Amino acid sequence: MKHIAIVNGPNLNLLGTRETDIYGKQSFEDYFLGLQARWTGVTLSQFQSNVEGEIINQLQSLAKGGACDGIVLNAAAYSHTSIAIADTLKAIDVPVVLVHISNVFAREEERKTDLMVASAKGLVCGLGLQGYDLAIRALMS
Ligand code: DQA
């Protein structure tokens, strides 16, 4: 069975209570249960960290020895700032689809740059939590 790994960055553990006008009222844990129910033929895992180095370690270990077949990455605010995570994406050989729950291109100037996108297979942006479903679909196709 294919393994798709979701990696979420800072503050995404607060989904459901954080800026609900932008990110909605559903927690990621709750959404993830639905994802698993919908994607029965796929092993899904999820990892979240508020710490840049932990995200890098996780991406590196997911890329080792076929540990997964694809990564869905929402690096959250690090998407706009982290050369270190962008370097990790350049170094690994697993397809990565990026997700932004909100439409970062319609928000503040500092959110309009995504340092990860050059190394990604694609980007799903502004479609809410269903972006994760769409990213998995892209990785499975
Ligand atoms: C986000 C957008 C980022 O700008 C923000 O810092 C986040 C979440 C999104 O999913 O819309 O934390 O990545």
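On average, how much area does the Cα convex hull of the range 55-139 cover when viewed from any direction, in nm²?
The Cα convex hull of the range 55-139, projected and averaged over all directions, gives 5.0 nm².
Mind listing P(r) for the range 1-72? All alpha-carbon pairs, 10 Å bins, whole percents.
Whole-percent P(r) values from 0 Å outward: 19, 44, 32, 5, 0.
Please state the relative contact order of the range 3-77 as a whole percent: Cα pairs under 8 Å, 6+ residues apart?
Taking the mean separation of contacting Cα pairs over the length of the range 3-77, I get 56 percent.
For the range 1-130, what log10 I(q)/I(0) values come out of the Debye formula at q = 0.15 1/Å, with one point per alpha carbon and no solvent?
-0.68
Treating only the Cβ of Lys, Arg, Asp and Glu as charged (+1, +1, -1, -1), what charge dipole size does the range 41-141 show about its Cα centre? Round to the nearest 20 debye. If you can, show how the numbers build up before the last one.
Values: 7 positive and 10 negative charges, 44 e Å.
Its charge dipole is roughly 200 debye.
What whole-number distance in Å separates the alpha-carbon centres of the range 1-45 and the range 61-88?
Value for the Cα centre distance between the two parts: 16 Å.
How many percent of the accessible area of the range 1-69 is carbon or sulfur, using a 1.4 Å probe?
The nonpolar share, carbon plus sulfur, comes to 49 percent.
Ignoring ligands, DNA and RNA, what accessible area per residue does the chain give at 1.4 Å, in Å²?
Result: 49 Å² per residue.
Please report the relative contact order for the chain, taking Cα pairs under 8 Å with a sequence separation of at least 6, and give it as a percent rounded to a whole number.
26
The values are calculated or read from the model by the stated rules, or taken from the named source; none is laboratory data. Predicted model, so just to flag it, every value in this text is computed and none were measured. In this analysis, Cβ positions are derived from the backbone assuming ideal geometry, glycine residues included, and neighbour counts consider all displayed protein chains. Keep in mind that these areas ignore ligands, DNA and RNA; they rest on the heavy atoms of the full protein, side chains included. Shrake-Rupley method; radii C 1.70, N 1.55, O 1.52, S 1.80 Å.
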